[in-house]
1. With the cut-off at 1.5 for a/c, could you classify segment 137-196 from its C-alpha gyration tensor as rounded, prolate or oblate?
2. Given an 8 Å cut-off on Cα distances and at least 6 residues of separation, report the relative contact order of the chain as a percent.
3. What is segment 170-241 by shape, rounded, prolate or oblate, if you read a ≥ b ≥ c off the alpha carbon gyration tensor as root eigenvalues and call it rounded for a/c under 1.5, prolate for a/b larger than b/c, and oblate otherwise?
4. Starting with the highest mean, order 194-206, 264-276 by the number of other Cβ atoms within 10 Å, averaged over the residues of each peptide.
5. Taking the chain as a Gaussian network, Cα atoms linked when under 10 Å apart, which of 223, 239, 23 shows the biggest mean-square fluctuation?
6. Mind telling me which of 354, 184, 308 comes out most flexible in a GNM of the chain, alpha-carbon contacts under 10 Å?
7. Looking only at the chain, where both bridge partners belong to it, what percent of the DSSP beta bridges are antiparallel (to the nearest 5)?
8. Report the rotationally averaged projected area of segment 269-312 based on its alpha-carbon convex hull, in square nanometres.
């Protein structure tokens, strides 16, 4: 169901996370957002950080904006992306598990993945799961109050969370996965009911599972079923964010990966938009879309979040033009490969990457006779 992007051609956005301002030092530290918001220091810093994020996105001219993952603490490797829901759901306790992603839990000594996630412990499910104090609707409302543009809200998928928790309550991992899907579904329904127009489900396991040639279709279909269970009845435009990992701006694998085998299952997901990481591969997977029969839209990454070099508008435009060889303009969205990270890309680099993203899209809009979008930061009359 297209809501926000229904009538938009080549809209621009970014994935989610933005670098924390250096003065944003307050953190949730495991407590509920509602509790911390009652403390003056946190509330002022949080709302001021939101305003700063939206100011930068407005200067760049983005059509669809994000809250920068403002709720997450500034922790090593972006761990709060995972821990935020796990610390606030009912039914979880302790710290006695490692990730089920072998590339993380079995990272060798001396490798950055060991520092980021391999040695960390994750909680166990000890009772019935429930949303608890995630408060997604509250977070979105506060963000949307500050922006005239639609605010996209992203969250880690239930199936990715299943890879990080132990199970001492449910019969097996399949029952645990179902419970996580239902828990997230309840929270996402409330978020959509509050008025959020775009809900982004981040890093379902599907495209990772398909990389294993030994994975059977039924094994991959399990994750498709989980995605559809998680978003069932969520009255919003649903985006499937397919990143190849982003802890401290790192891929999970050292080599670029392909969506070739995964695409047929990704298309079976009940989503409206599929994001693809294409900037870091110079669009290598774009030809896969040539014969795809779907009404879904594709959001292609034209900005590499792992590279500090700011792309030129011409480079951005070149990748969009390549995508238009395979996807009609009315089904194409322009975005970043993934988030900029709270401790990853420097804030100045992130700003100019966003500016270049919109400038490059404007070059293509001009080619196609489409209206261009104002980029205040690139207005010659305002240049210093």
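1. Note, shape of segment 137-196 comes out prolate.
2. For the chain, the relative contact order is 21 percent.
3. Oblate is the answer for segment 170-241, as a/c is 1.5 or above yet b/c matches or exceeds a/b.
4. Most protected by this proxy first, the peptides run 194-206, 264-276.
5. 23
6. Looking only at 354, 184, 308, the biggest GNM fluctuation is shown by 308.
7. 15
8. 3.8
Every read-out reported here was derived from the displayed coordinates using simple, explicitly stated rules and does not represent laboratory data. Treat the numbers as computed from the prediction; the structure is a model and nothing was measured. Using ideal geometry, Cβ is built from the backbone for each residue, glycine included, and neighbour counts are taken over all protein chains shown.
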